[in-house]
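This report refers to the structure that appears directly beneath it.
Each reported figure results from applying straightforward, stated rules to the coordinates on display, with no laboratory input. Just so it is clear, the model here is predicted, and its values are computed rather than measured. Cβ sites come from the backbone with ideal geometry, for glycine too, and all protein chains shown count toward neighbours.
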Amino acid sequence: MKKIKKLKPEMFTSVKGMHDILPQEQWLWEKMDKAVKNIANFYNFSKIETPVVERVELFEKTTGQETDIVEKQMFTLVSKGEESMVLRPEGTPGVVRAYIQYGLSHLGQPLKLYYFGPMFRYEQPQAGRFRQFHQAGFEIIGGEEDSLYDAQVVIACYRLIEEMGINECSVQVNTIGCKNCRPAYRKKLQEYYKGKEKNLCKDCKRRLVTNPLRLLDCKEAQCQELKKEAPIILDYLCTNCSKHFKSTLEYLEEVGIPYSLNHYLVRGLDYYTGVVFEIMTTGFDFALGSGGRFNDLVELMGGKKTPAVGAAAGLERLVEVIKAREIKDSHRPRQRVFLVHVGDVAKRRSLSIIELLRKADIKVAETLGKDSLKNQLRNADKAGADLALIFGQKEAFEENIIIRDLKTGAQETVPLPKLADSIKRKLQ
Ligand code: HAM
């Protein structure tokens, strides 16, 4: 027989920054999926799914040409057609595109939408930072420009994180003002940085002219140092923005969401207007969720003037915190019933027992491929099962089965037709 020429396994590792979600982690992702659905249903968000691939212009024109996401992090696709396409780096522009494209404003004012899916950014991978990651997002589009909605997206995102067992969270909040008041602040910032340009990083030197607010967001040490004395926007807000910001904070206080003001939080996306926020947790320097108001985005994309606000949580980051804190989960599914066979006849008939239990909606685990009783019982133990169903030659012949309580060791033999009822009674 021809020998297989083995290739090196290193050739087949996953792509940098992309990760597998392995079977042993699936319970956590299923839990997250459930938590997102529960929170969305409770707060009346309807699900929307948009394609993973979008036109490049969608993000260039909305997230912003000057942002890290568009400048450095887009996965551009080489396609056969003329259109230039990218793997979506975030969810909001696609949701707004669909809102306009399908006239979704008729579905409700405001329209509350949520999504759950993979996003792609060409970033330098590190703790909590991947090139493919998942976001759960909540957007409230249309209706009144009411700060109640700002508070509601923060609450939805915060409660999702809390639902996953993560505590010690706090929301950092700021506002970046509106078209009316931001220009004065921009000017003030430019004045403040005048003469200090040589101490700024390369990107900030450029951004000082094009988008000075982004200087407050820079992670470079020299820029962080300069930021400490920079003017804050609160002193330049118009009455509307000031009122809106204050009442958002009052709503958060009303429901006991802890927050702190971060005057230098500006967020790295161009479409924000007004309130912006990031949800942080003790001991980690990344945001678990973030968002803000984007009142101009629908209009910018050709729709009517429509107020909007939203937030998205980064699900890999939640997993990271859950693992680091070893947050135990009482809902982690375990196999409560384990079927064990002894002998060939029983092994064959075991398949019918599984079918019988499926009809009764009782989940049953097994390792029927193993013939040793000892091995099978060990697996039942490992699975954390409460009951072992022991099915041997004698039981197969007499049409009954032994139910063993794995905690107490007590055993009972029951006729097969009564098996489902007996299990249900014992598991109650
Ligand atoms: P963002 O801050 O870019 O905002 O991302 C939202 C969340 O996604 C972050 O708080 C973080 O938890 C997670 N995240 C971002 N990048 C990565 C990464 N490379 N790896 C792992 N997790 C990551 C947005 O995307 C906006 N669309 C949020 C929004 C919704 N604003 C209004 N509506």
Before anything else, pin down the relative contact order of the chain: Cα pairs under 8 Å, at least 6 apart, normalised by residue count, whole percent. 14 percent
In region 18-125, what % of DSSP beta bridges are antiparallel (nearest 5)? 75 percent
Label point distance in nm, Gln65-Glu162, each placed 7 Å from Cα along Cα→Cβ: 4.3 nm
Tell me the Rg and the Dmax, in Å, that the Cα atoms of region 19-61 produce. 15.1, 41
With the crude spin-label approximation of a point 7 Å out along Cα→Cβ, what separation in nm comes out for Asp381 versus Leu148? 5.9 nm
Determine the sum of side-chain charges near Ile233: Lys and Arg each +1, Asp and Glu each -1, restricted to other residues whose C-beta is under 11 angstrom from that of Ile233. +2
Contour minus end-to-end for His106 and Glu83, with contour as 0.36 nm per residue of separation and end-to-end as the Cα-Cα distance? 5.3 nm
Any chance you could tell me what percent of the C-alpha pair distances in the chain go past 40 Å? 36 percent
Bins of 5 Å, beginning at zero and ending with the bin holding the largest distance: percent of Cα pairs per bin for region 158-259, please. 2, 11, 19, 16, 14, 14, 12, 8, 3, 0
Let me make sure I get this right: for region 184-228, a, b and c are the square roots of the gyration tensor eigenvalues over alpha carbons, sorted descending. Under 1.5 in a/c it's rounded, otherwise prolate if a/b > b/c, else oblate. Which is it? rounded
Positive minus negative residues near Ile141 (Lys, Arg vs Asp, Glu; Cβ under 14 Å): -2
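Relative to the present Cα-Cα distance, how much length would full extension add between Asp421 and Arg186 at 0.36 nm per residue of separation?
Full extension of this stretch gives 77.4 nm more.
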Return, for the Cα atoms of region 337-428, the radius of gyration and Dmax in Å, separated by a comma. 11.7, 32
Added length on full extension, which subtracts the Cα-Cα distance from 0.36 nm per residue, Lys6 to Lys179: 56.0 nm
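Among DSSP beta bridges lying fully in the chain, give the percent that are antiparallel, nearest 5.
Numbers: 49 of 61 bridges.
Antiparallel bridges: around 80 percent, rounded to the nearest 5.
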Report the per residue volume, in Å³, of the convex hull enclosing the C-alpha atoms of region 274-410. 210 Å³
Set Lys359/Lys424; Lys323/Lys407; Lys6/Lys370; Lys202/Lys227; Lys328/Lys370 screened for pairs whose C-alpha atoms are more than 21 Å apart: Lys323/Lys407; Lys6/Lys370; Lys328/Lys370
Given a cut-off of under 8 Å on Cα pairs at least six residues apart, what relative contact order in percent is computed for region 332-423? 31 percent
So which GluC sites (Glu not before Pro) in region 289-349 are both in a DSSP loop and have at most 14 other Cβ atoms within 10 Å of their Cβ? Glu326
